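Values in this text are rule-based calculations from the coordinates and carry no lab data. Everything quoted here is computed from the prediction, not taken from an experiment. With ideal geometry, Cβ positions are generated from the backbone for all residues, glycine too; neighbour counts draw on all protein chains shown.
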Amino acid sequence: MFLRVQLPLLLTFLAGLIPIVAFFFTEKARLVKVPNDRLEKWMIIIAGFAIMLGVVNVVQGNIRKIERKGPGWHYAIFLLIGLVLPGSFGLLGAFNVGPFHGISPHADGSPSPFSFFVSYVFQPLQATMFSLLAFYVASAAFRAFRVRNLEATILLLAAVVVMLGRIPLGESLFAWIPGGKLALGTFTEWLMNNPNTAAQRGIMIGAALGAASLSLRVILGIERSYLGLEKD
Amino acid sequence: MAKIKEGGLSTALQQLDRRWIFLLVAVGAILPILFPIGLSVTVTPPVRDLFDRIESLTPDDVVMVSFDYGPTTKPENGPMAAAVLRHCLARRVKVVVLALFPIGGGAMATEELDRVAAEFPTLRYGTDFVNLGYKDGGQASMKQMGEDIARVFPSDSRGTPLSRLPLMQKVRNYRDIKLVVSLATGIIGDWWINLINAQFGTPVAVGCTAVSAPKFYAYYDSHQMIGLLGGLKGASEYERLLLDAYPQVKPVYDNPMIFNAMRGMDVQTIIHAIIIGFIIIGNVAYFLGRSRAARV
């Protein structure tokens, strides 16, 4: 019971409390700053190992999918190849094994196997995925942006004004009015600086309060779901 | 035609095959790249503020440029990264580059810095600019750099210990940095403001994607950040200011083989116009359908 519940709760309490206390002290308060410093270093290392955890998870999940021949199992093969191949290039390059020298481009400008993969496979694929958004946004705007009620109308008008205000064409639309060239841009900036900022602040303050209260629940041991006890 | 007669124009429009929309968007994106329009942009205050802040720096000052984006948002973040780096190097302001974004941030930093630095052959790596590379750990890494950058980055992206780089001998932590510019997608830009500006008082500016820009206006308005480049529009405004102040960079922006935000604005203009056009058509179809239903 001590190892499964009380010890993790104590460690969580200390890991949560130390950074909070350290925030209020200067560098001279070594008693607080030294353990906080150590905790931050551990966090960087743990974050690195968390990636390994993610890799193991992805490999396990996709191997299971291929074994069961589940829907779209062919894609899992490509996913695993995409994980193993550049991962191997990166690892071998980092340890300078054979021709896999380095992970950055070489001093003469020629790419290492890993940087070649990043520049000519990974980057174009990522950019392609994100670029597809433009097509889906246009399609979704056509089907979903309707003047159904007052709220939807305000949202639609604000969206159209901001979209126009973000392009030179919008400025040209009112250029025939004296001083009109800047009118739409100025109105767009007003929208962003005032109604938008007010709403964003509400969201940010709400999210921050939520995060603070959840953190406090975890630090004080009220929230214990992360211990995985309910699975037993 | 038969469908239009049977269900009316509204039904035909509402059931429009989305592949037509995709085709129009594709044509709208490709044509301005092949045949640039060259529309001019008006500079907004958040962009001018960042430009003016870098203009106020001297060659002894150091700017930290954090690459907190990956290839997904390169078309938006890339031009602003290039413009900010080009501005700093044109003014001979020292630059320390790093990356905190795990999926391709390091590659973005190396690519942009190498490309822009090549335009300034008199400047030396290690003395005028440094690439620290990528480090995992997000907030923890950022906070640790407040004590000592070398603790987080013992060596640069080429494996050279920081102690052997003349520039890094003068830069120990944020106290030696005059400005942090985070080119961000996602939450890392917020961290620079919430942690580094709040805790260490270092001035921060963010160059973000257009979808992230609304939230950063709250920070800009409360002076937690000194400037904001919002999406491709912000990047194109910065390029405009840079071109006006430093005509020597014009050949780079005139090179048709190098993508820049001003050229990208042509595409954005056409795509926004197409989206607005489809919103209008969609609503016309919606109202036609409603009035037809009311008649029946």
Review point. Can you give the angle from 0 to 90° between the axis of helix A:197-219 and the longest principal axis of chain A, with both taken from C-alpha atoms, to the nearest 10?
Key: 20
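How do the peptides A:104-114, B:228-238, B:38-48, B:135-145 rank, highest first, by the average count of neighbouring beta carbon atoms within 10 Å per residue? Spell out each step's value before the answer.
Numbers: A:104-114: 14.5, B:228-238: 27.5, B:38-48: 17.5, B:135-145: 21.8.
Ranked by mean Cβ neighbours within 10 Å, highest first: B:228-238, B:135-145, B:38-48, A:104-114.
For chain A, what is the charge dipole size about the Cα centre, in debye to the nearest 20, if Lys and Arg each add +1 at the Cβ and Asp and Glu each add -1 at the Cβ?
Numbers: 19 positive and 11 negative charges, 102 e Å.
In total the dipole reaches around 480 debye.
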Check your understanding: How far apart, in nm, are two points set 7 Å out from the Cα along the Cα-to-Cβ line at A:F78 and at A:L133?
Key -> 2.2
Check your understanding: If packing is taken as the mean number of other Cβ atoms within 10 Å per residue, what is the order of A:58-71, A:187-200, highest first?
Key -> A:187-200, A:58-71
Point to revise | Label-reachable residues, segment B:170-208, where backbone N falls under 19 Å from a point 7 Å from A:T26's Cα toward its Cβ | key: B:173-176, B:198-202
Study note, to complete from the structure: The extension gain from A:L209 to A:D108, computed as 0.36 nm times the residue separation minus the Cα-Cα distance, is 31.2 nm
Revision key, fill the gap. Quick note on B:L9, A:L156, ordering by fewest other C-beta atoms within 10 Å, gives B:L9, A:L156
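Rounded, prolate or oblate: which one fits chain A, using the alpha carbon gyration tensor with axes a ≥ b ≥ c (rounded when a/c is under 1.5, else prolate when a/b beats b/c, else oblate)? Mind dumping the intermediate values first?
Working: a/c = 1.77, a/b = 1.26, b/c = 1.41.
Since a/c reaches 1.5 but b/c is at least a/b, the shape of chain A is classed as oblate.
Using only helices, what value at 222 nm comes out for chain B when you add -39,500 (n - 2.57) per DSSP H run of length 4 or more and divide by the total residues, to the nearest 500 deg cm²/dmol? Walk me through the intermediate numbers first.
Values: 13 runs with 156 residues, N = 296.
Helix-only estimate at 222 nm: -16500 deg cm²/dmol.
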Point to revise | Contact order relative to length of chain B, as percent, for alpha carbon pairs under 8 angstrom and 6 or more apart | key: 26
**Study point:** Beta bridges by DSSP in chain B, antiparallel share as percent, to the nearest 5
**Key:** 5
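What does the charge dipole of segment B:76-202 about its Cα centre add up to, to the nearest 20 debye, if the Cβ of each Lys and Arg holds +1 and the Cβ of each Asp and Glu holds -1? Intermediate values should be presented prior to the final figure.
Details: 15 positive and 12 negative charges, 107 e Å.
For segment B:76-202, the charge dipole is close to 520 debye.
Note down the magnitude of the dipole of segment B:45-258 about its Cα centre, charges +1 on Lys and Arg C-beta and -1 on Asp and Glu C-beta and zero elsewhere, to the nearest 20 debye. All intermediate terms of the calculation are to be shown ahead of the outcome.
On the way: 22 positive and 23 negative charges, 78 e Å.
Roughly 380 debye for segment B:45-258.
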Point to revise | Sum of side-chain charges, B:R86 neighbourhood, beta-carbon under 11 Å (Lys, Arg +1; Asp, Glu -1) | key: -1
Practice item. Please work out whether segment A:42-120 counts as rounded, prolate or oblate from its C-alpha gyration tensor, where a ≥ b ≥ c are the square roots of the eigenvalues and a/c under 1.5 means rounded, while otherwise a/b larger than b/c means prolate and anything else oblate? Key: oblate
**Study point:** Within a Gaussian network of chain A (alpha carbon springs, distance under 10 Å), most fluctuating of A:N149, A:N96, A:N36
**Key:** A:N149
Point to revise | Neighbour-count ranking [beta-carbon atoms within 10 angstrom, fewest first] of B:T11, A:T26, B:T209 | key: A:T26, B:T11, B:T209
Review point. Angle, helix A:30-68 long axis vs. longest principal axis of chain A, Cα atoms, 0 to 90°, nearest 10?
Key: 80
Check your understanding: In a GNM of chain A with a 10 Å cut-off on Cα contacts, which of A:L31, A:L17, A:L83 has the highest mean-square fluctuation?
Key -> A:L31
Review point. GNM on chain A, C-alpha springs below 10 Å: top fluctuator among A:I203, A:I177, A:I20?
Key: A:I177
**Study point:** Relative contact order %, segment A:145-232, counting alpha carbon pairs below 8 Å whose residues are six or more apart
**Key:** 14
Study note, to complete from the structure: With a Förster distance of 30 angstrom and the Cβ-Cβ distance between A:N57 and A:N96, calculated FRET efficiency to the nearest 0.05 equals 0.55
Check your understanding: By per-residue mean of other Cβ atoms within 10 Å, what is the highest-first order of B:246-255, B:19-28, B:212-221?
Key -> B:212-221, B:19-28, B:246-255
Study note, to complete from the structure: Expressed as a whole number, the average count of other chain Cβ atoms within 10 Å around the Cβ atoms of B:282-294 is 2
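Across the residues of A:142-151, average count of Cβ atoms on other protein chains within 10 Å? All intermediate terms of the calculation are to be shown ahead of the outcome.
Values: counts 16, 8, 2, 8, 6, 5, 3, 0, 0, 0.
Rounded to a whole number, the mean comes out at 5.
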Check your understanding: How many percent of DSSP beta bridges within the protein assembly as shown run antiparallel, rounded to 5?
Key -> 5
Revision key, fill the gap. Fewest-first ordering of B:I187, B:I270 by Cβ atoms within 10 Å yields B:I187, B:I270
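Using the membrane-span-like helix rule (whole DSSP H runs, Cα extent along the own axis of at least 30 Å, mean Kyte-Doolittle hydropathy at least -1.0), which helices of chain B qualify?
Values: long enough: B:261-295 (50 Å, 0.87).
Membrane-span-like by this rule: B:261-295.
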Exercise for review: May I ask for the angle, rounded to the nearest 10°, between helix A:73-94 and the longest principal axis of chain A, with both axes built from Cα atoms and the value confined to 0 to 90°?
Suggested key: 70
Check your understanding: Across peptide A:8-16, what mean number of C-beta atoms from other chains lies inside 10 Å of a residue's C-beta?
Key -> 0
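Between B:T11 and B:V211, how high is the FRET efficiency from 1/(1 + (r/R0)^6) when r is the Cβ-Cβ distance and R₀ = 35 Å? Nearest 0.05. Let's see the in-between values first.
Numbers: r = 33 Å, r/R0 = 0.94.
Here the calculated transfer efficiency is 0.60.
Going by a ≥ b ≥ c, the root eigenvalues of the Cα gyration tensor, does segment B:45-258 fall in the rounded group (a/c under 1.5), the prolate group (a/b larger than b/c) or the oblate group?
Values: a/c = 1.39, a/b = 1.09, b/c = 1.28.
Cα axes put segment B:45-258 in the rounded bin.
What relative contact order, as a whole-number percentage, does segment B:63-142 give when Cα pairs under 8 Å and 6 or more residues apart are counted? Can you show the working numbers first?
Working: 118 pairs, mean separation 29.3, N = 80.
It comes to 37 percent, rounded to a whole number.
Can you give the helix-only mean residue ellipticity at 222 nm for chain A, where every DSSP H stretch with n ≥ 4 adds -39500 (n - 2.57) and the sum goes over all residues, rounded to the nearest 500 deg cm²/dmol? Present the calculation step by step, with values, prior to reporting the outcome.
Details: 9 runs with 159 residues, N = 232.
Computed mean residue ellipticity for chain A: -23000 deg cm²/dmol.
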